Amino acid sequence: MSETQKYNRVAIVLHWLLALGLLAQLFLGFWMEGVPKDPPGIRAGWFNLHKSIGLVLALIIVLRVIWRLMHAAPELPALPAWQKTLAHWSHRLLYVCMVLMPMSGFLGSSFTPYPIKFFGMPLPRLWDASADLKELFGAVHTATGFVMVGLVGLHIAAAIWHAVRRDGVMQRMSLKKSMSPQLD
């Protein structure tokens, strides 16, 4: 595989770090909706953990977006045009979801009467509570979660498809060294 077809180490590490973190957050987010409100505190603890992890992931997402804007994606191997188009748009939508999820989650939480706690430390309140805005951003956060689950499912299915076909797509995201030296 040509080095122009392979992502560099930073892009690969950011991809896998976010893949694992976002999958965990999606599972945690959907799971914690079923945690009962009684006894008090248990549900809030899970929500605060979800928010704290979300803020950390938001920072990593910002780093990934900056890295991606500064480094062009490597060229795809020879694939049918429809696969290249689907890959292009699904990746763009994944980036939109990665930005929209933490943003809508943070804004939805910011409009509740409760402080956002970052691993137990209350963050400063930026504006007054608003039930309507909390509801709006909460709905965006939830809807984006469902869209992201669909896109991640498509992404995983495509990865499996390309792994089975051995068409060179999976090797682009591997940390395994190729025969020639790779410059980061």
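Taking residues in the stretch 106-121 that are more than 17 Å from Leu57 (Cα to Cα) and in contact (Cβ under 8 Å) with a residue 12 or more places away in the chain, and partners anywhere that are exposed (fewer than 14 other Cβ atoms within 10 Å of the Cβ) and aromatic (Phe, Trp, Tyr), the pairs with Cβ atoms closer than 8 Å and at least 6 places apart or on different chains are Ser110/Trp127; Phe111/Trp127.
Yes or no, residue by residue, for (1) acidic (Asp, Glu); (2) closer than 20 Å to Tyr7 by Cα; (3) modelled with pLDDT under 95:
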site: Pro40; (1), (2), (3): no, no, yes
site: His50; (1), (2), (3): no, no, no
site: Ile53; (1), (2), (3): no, no, no
site: Val56; (1), (2), (3): no, no, no
site: Ile61; (1), (2), (3): no, yes, no
site: Pro74; (1), (2), (3): no, yes, yes
site: Leu93; (1), (2), (3): no, yes, no
site: Met101; (1), (2), (3): no, no, no
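I'm trying to understand the selection: among the residues of the stretch 123-135, which are of a type outside the set (A, V, I, L, M, F, W, C) and surrounded by 11 or more Cβ atoms within 10 Å (Cβ to Cβ)? Residues satisfying the conditions are Arg125, Ser130, Lys134, Glu135.
Hey, any hits in the stretch 136-147 for a residue that's under 30 Å from Pro77 (Cβ atoms) and either within 22 Å of the chain's Cα centre (by Cα) or at pLDDT below 95 (or both)? Yes, that holds for at least one residue. Close Cβ contacts (under 7 Å, 6 or more residues apart or on different chains) running from residues in the stretch 67-88 that are touching a residue at least 60 places away in the same chain (Cβ under 8 Å) to residues that are part of a helix (DSSP H, G or I) and of a type in the set (Asp, Glu) are absent.
Selection of the stretch 137-157 for residues being out of contact with any helix residue (DSSP H, G or I) (no Cβ under 8 Å at 6 or more places or on another chain) and within 20 Å of Ser109 (Cα to Cα) yields Ala139, Thr142, Ala143, Phe146.
Confirm whether Ala24 is free of Cβ contacts under 8 Å to residues at least 60 places away in the same chain and in a loop (DSSP other than H, G, I, E, B).
Working: free of Cβ contacts under 8 Å to residues at least 60 places away in the same chain: yes; in a loop (DSSP other than H, G, I, E, B): no.
Considered against the rule, which asks whether it is free of Cβ contacts under 8 Å to residues at least 60 places away in the same chain and in a loop (DSSP other than H, G, I, E, B), Ala24 comes out as no.
Any idea how many residues of the stretch 85-97 are surrounded by 13 or more Cβ atoms within 10 Å (Cβ to Cβ) and under 13 Å from His155 (Cα atoms)?
Of the stretch 85-97, the ones surrounded by 13 or more Cβ atoms within 10 Å (Cβ to Cβ) are 86-87, 90-91, 93-97.
Next cut, under 13 Å from His155 (Cα atoms) only: 86-87, 90-91, 93-95.
Summing the residues that are surrounded by 13 or more Cβ atoms within 10 Å (Cβ to Cβ) and under 13 Å from His155 (Cα atoms) in the stretch 85-97 gives 7.
Residues that are under 30 Å from Arg166 (Cβ atoms), within 20 Å of the chain's Cα centre (by Cα) and surrounded by 11 or more Cβ atoms within 10 Å (Cβ to Cβ): does the stretch 71-78 have at least one? Checked against the condition, which is being under 30 Å from Arg166 (Cβ atoms), within 20 Å of the chain's Cα centre (by Cα) and surrounded by 11 or more Cβ atoms within 10 Å (Cβ to Cβ), the stretch 71-78 yields at least one hit.
The values are calculated or read from the model by the stated rules, or taken from the named source; none is laboratory data. Given the structure is predicted, the values throughout are model-derived calculations rather than measurements. As a convention, Cβ positions derive from the backbone with ideal geometry for all residues, glycine included, and neighbour counts pool all protein chains shown.
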